[in-house]
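Below is one structure; the comments refer to it alone.
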Amino acid sequence: MIESRIHQIYYSEQTRLEMDPGFAPLDNSANERPDWREYWPMRRFLLGRELAPDCYYGFFSPKFNLKTTLTATAVQEFIRGQDGAADVISFSPFFDEMAFPLNIMEVAAAHHGCRDVFVECAALVAPRFDIDHSVMTSLETVYCNYFIAKPRFWREWLRHCERIFAIAEDGLTPLGKRLNAVVNYGTGAAPAKVFVIERLASLILWSQPEWVMRSYDPLRLPPLHRNRLARISVPDLLVLNALKIAHRGTGAEQYLAMYRQLRERLSHRQPTGGERAANPAPAHPQEIS
């Protein structure tokens, strides 16, 4: 039998009452370090417990259902269908943000306006990663830390997170100061380090292909930008993603060239009136997990 222990983080009595009863509660109501958002209770759990070697663990934010529409029942059903073969199982939404950007760090730099932070932190986790040239696809991209994994992956993830944590906690180096600097996200703001941590799982999966990952079909989950879908159709996004997958699998530059050409063309496409009506404003503005 496949064992999983998926926790949902709560910050208050209200968020505790809103939890999916199929997930185990993870209390962060004291909220000692709000500057680290979900990483603080995740870190506390992983450092303070011995994990069962073949069990899947996960840590979802209070917004999991809002962002994915998935229930704990649907999550558990999908896990059972993987028969324990995966190291990592993703329940990440936002297929548009997997297919259209070159990689998850490119889009992070665009959203949060702190490119240098993402470049430097990516170099610590995946030295071969180049924000302008490295290709990521839906096969290794995770948003919002909506994944579960066996302890071996969590140990690798925590090792890299703790390196970022130490730099930010020290706060004396230029990178440490930039990690603690507040950046924009949608209509809110948070320290850059929060958004770096949320992208480390993707960097590990990209740079260490030995990990076996399975994903709940992101096309069945909400996109981030419904207004983007007013000018870029799902079939176009599928082609963009497929071209990146082909490039990753073969190394052939023509696939990457075709991806760049199509993305450039779609970037300048304007929606028709009917498309605008069929695709209203984003259901989920850019926000922390």
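Does L172 count as more than 27 Å from G58 (Cβ to Cβ) and either of a type in the set (F, W, Y) or without any contact (Cβ under 8 Å) to a residue 24 or more places away in the chain (or both)? Against the criterion (more than 27 Å from G58 (Cβ to Cβ) and either of a type in the set (F, W, Y) or without any contact (Cβ under 8 Å) to a residue 24 or more places away in the chain (or both)), L172 qualifies.
Remark: pairs (first residue in the stretch 205-217, surrounded by 16 or more Cβ atoms within 10 Å (Cβ to Cβ); second residue at pLDDT 95 or above and acidic (D, E); Cβ separation under 6 Å; 6+ apart in sequence or on different chains) = L205/E140; W206/E140; W211/D87. A single member of F153, F129, F165 is part of a loop (DSSP other than H, G, I, E, B) and either under 27 Å from L243 (Cα atoms) or over 15 Å from the mean Cα position of the chain (by Cα) (or both), and it is F129. Taken together, the residues in the stretch 1-48 that are basic (K, R), in a helix (DSSP H, G or I) and surrounded by fewer than 17 Cβ atoms within 10 Å (Cβ to Cβ) amount to 2. The sole residue among L200, L158, L124 that is assigned by TED's automatic domain parsing to the domain that holds Q76, under 17 Å from the mean Cα position of the chain (by Cα) and within 26 Å of H247 (Cα to Cα) is L200. The residue that is modelled with the highest pLDDT, among those in the stretch 230-285 that are polar (S, T, N, Q) and crowded, with 16+ Cβ neighbours inside 10 Å, is N241. Scanning the stretch 168-210 for residues that are assigned to a loop (DSSP other than H, G, I, E, B) and touching a helix residue (DSSP H, G or I) at 6+ places or on another chain (Cβ under 6 Å) turns up G171, A181, R199. Set side by side, the residues L47, L17 differ, and just one is in the same structural domain as R178 (by TED's automatic domain parsing) and without any contact (Cβ under 8 Å) to a residue 12 or more places away in the chain, which is L17. Applying a threshold of 6 Å to beta carbon distances and a minimum spacing of six or more residues, or different chains, the list of pairs starting in the stretch 184-196 at a residue that is in the same structural domain as E38 (by TED's automatic domain parsing) and in contact (Cβ under 8 Å) with a residue 60 or more places away in the chain and ending at one that is assigned to a helix (DSSP H, G or I) and surrounded by fewer than 18 Cβ atoms within 10 Å (Cβ to Cβ) reads P191/D35; P191/N180.
Only one of the numbered conditions (1) in a loop (DSSP other than H, G, I, E, B); (2) touching a His at 6+ places or on another chain (Cβ under 8 Å) is not met by A86, and that is (2). Taking the stretch 49-74 as the range and being among the basic types (K, R) and assigned to a loop (DSSP other than H, G, I, E, B) as the test, the residues that pass are R49, K63.
Looking across I148, I79, one residue alone is of a type in the set (V, I, T), assigned to a helix (DSSP H, G or I) and in contact (Cβ under 8 Å) with a residue 40 or more places away in the chain. It is I79. Contact annotation: no residue pair with Cβ atoms under 7 Å, 6 or more positions apart or on different chains, pairs a residue in the stretch 258-280 that is closer than 13 Å to L243 by Cβ and among the hydroxyl-bearing types (S, T, Y) with a partner that is modelled with pLDDT under 95 and part of a loop (DSSP other than H, G, I, E, B).
The values are calculated or read from the model by the stated rules, or taken from the named source; none is laboratory data. Predicted model, so just to flag it, every value in this text is computed and none were measured. Counting neighbours? That spans all protein chains shown, and the Cβs are built from the backbone with ideal geometry, glycine included.
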